[in-house]
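Below is one structure, written out as structure tokens; the observations come after it.
The values are calculated or read from the model by the stated rules, or taken from the named source; none is laboratory data. Remember, predicted model here, so these are calculated numbers, not experimental data. Every residue, glycine among them, receives a Cβ derived from its backbone with ideal geometry; neighbour counts consider all protein chains shown. In case anyone asks, the SASA skips ligands and DNA or RNA and just uses the protein heavy atoms, side chains included. Shrake-Rupley method; radii C 1.70, N 1.55, O 1.52, S 1.80 Å.
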Amino acid sequence: MSSNEKEGGAVSAQNRGSWSAFLKSIASFSGDLSSLTAPPFILSSTSLVEFSSYWAEHPSLFVAPAAEQDPEKRMLLVLKWFLSTLKQQYAARSDKFGNEKKPLNPFLGELFLGKWVDEAGTTELVSEQVSHHPPVTAYQIANKEHGVYLQGYNAQKASFSRTINVKQIGHAVFSIPAYDETYLITLPNLHIEGLIFGAPFVELNDKTYITSSSGYTAKIDYSGKGWLSGKKNSFTATLYPTGKETDILYTATGQWNKTFDICEGSKKHNIIDTYDADAVPTTKLIVAPIEQQDPLESRRAWQKVAEGIAVGDMDIVGVEKTKIEESQRELRRQEKTDGRSWERRYFSLVENDVVLEKLAPAIGLLPEEDKTGGVWRFDERKAAGQATTTSSAPAPTSTEKKLELK
Ligand code: HC3
């Protein structure tokens, strides 16, 4: 990308042709985002499997609910943490220049493992690509010292009308076992703005919910900068006892990537807290050095592709991507011959999930299992046999060795 593009200006003269061809091609696009062919200058060297880390870049906010004794206030802290994750999830990559790029499409079994170490102690991340067709990423984030866990999985479906519209399928589950408490979290739909100017960025649509086993629900309504009015990344969230939407206990309103106020009741002047996204530093995720990573770990597997992208050498990118695709095809052929399927390392499919059974009806969540291959949950039994820290990856199996791309 040229410095002009980095600054979010118009696409450089050199890339203008490929950008307008891309804009024409997306007009008829719908379905799987991985099949979207973007021009080389807008390719990111980060795989989508890494995006799970955006849930916990503020570990102190993530664990804060565990220290609160009152269930109503605990719910409010869960809402505050959730709102704080939105900047990392949807804006941080393009906040300054509007250059949201196309992430790498993870292969089946791709892993992203890491940990945050800070005043909240150690918070561990396990992210795994549990399906390739359709692409589905599952994750667990755990802070054992504070007893706080998040797990979830997500897929995306895209369609085009005026711009790229992305529907998120999946959900997250936040839990604090000490209180026997579970929170079911839905994911926002989004669309891409700024395409016409060659400066893409994400805007969130519609609404999402958090509903807790302790009897509270938060509804978050997203709005953006419209044609005539509104500010980018705006939202209003209300927190109420489940089933009593008009009995508002708290309201949060503002811009999730900048500042927002949390108020008592429905009146926006009873401010009890103000969150300033710029004033709360993120903690850097620690990822093992590439040479110590498992061959299935994302940065190791994509290393050569990433190097090609970094120097703008699309021949290297093409050759290295093809090697990964070919070795994946070979693995699938082998599995078919042997009559077995790929064993996910940390996650398993579950039937009759208790969290969904109990909490999904309150917020009208339909799991759409046909679009994610089922309901994916972190499998303690599998994980017990694995090292989830970043320095001691288990020895690769013979199948995985095939993936080791030299
Ligand atoms: C739509 C998206 C890929 C999916 C990304 C998701 C939904 C993934 C799960 C995370 O938890 C949240 C998240 C954040 C951003 C989403 C990406 C934004 C752009 C990307 C498209 C595939 C890229 C489109 C290419 C281009 C050039 C138009 O930006």
Query raised in the report: Taking only protein heavy atoms and a 1.4 Å probe, what accessible area per residue, in Å², does the stretch 96-253 have with all protein chains in place?
Result: 37 Å²
Query raised in the report: In whole Å and largest first, what semi-axes does the C-alpha gyration tensor of the stretch 115-180 yield when each eigenvalue is scaled by 5 and square-rooted?
Result: 30, 12, 12
Requested in this report: Work out how far the C-alpha atoms of the stretch 76-169 reach from end to end along every principal axis, then list the three figures in whole Å, largest first.
Outcome: 46, 32, 24
Report task. Take the alpha carbon atoms of the stretch 26-82, find their radius of gyration, then divide it by 2.2 N^0.38 Å using N residues; give the quotient. Result -> 1.82
Query raised in the report: For residue 179, what is the net charge nearby, where nearby means another residue's Cβ is under 14 Å from its Cβ and Lys, Arg count +1, Asp, Glu -1?
Result: -3
Query raised in the report: For the stretch 30-55, list residues with backbone N below 20 Å from a point placed 7 Å from the Cα of residue 323 toward its Cβ?
Result: 44-48
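What's the longest bit of the chain with no exposed GluC sites (Glu not before Pro), using DSSP loop states and at most 15 other Cβ atoms within 10 Å as the test?
On the way: sites that count: 7, 119, 145, 245, 343, 351, 368, 404.
Longest stretch, sites excluded: 8-118.
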Query raised in the report: Over the stretch 1-153, what per residue volume does the convex hull of the Cα atoms give, in whole Å³?
Result: 136 Å³
Query raised in the report: Dipole size in debye (nearest 20) for the chain around its Cα centre, Lys and Arg Cβ +1, Asp and Glu Cβ -1?
Result: 980 debye
Report summary line: Summed over the other residues with a beta carbon less than 9 angstrom from that of residue 233, with K and R at +1 and D and E at -1, the charge totals +4
Report summary line: In the chain the accessible area split gives carbon plus sulfur, as whole percent at 1.4 Å, a share of 52 percent
Query raised in the report: Considering only protein heavy atoms, what per residue accessible area in square angstrom results for the stretch 312-370 with a 1.4 angstrom probe?
Result: 64 Å²
Requested in this report: Please express the shape of the chain as an equivalent ellipsoid: the semi-axes are the square roots of 5 times the eigenvalues of the C-alpha gyration tensor, given largest first in whole angstrom.
Outcome: 33, 28, 19
Requested in this report: Could you name the lysines whose alpha carbon sits less than 25 Å from that of residue 244, not counting residues in the same chain fewer than 8 places away?
Outcome: 73, 80, 207, 219, 267, 268, 358
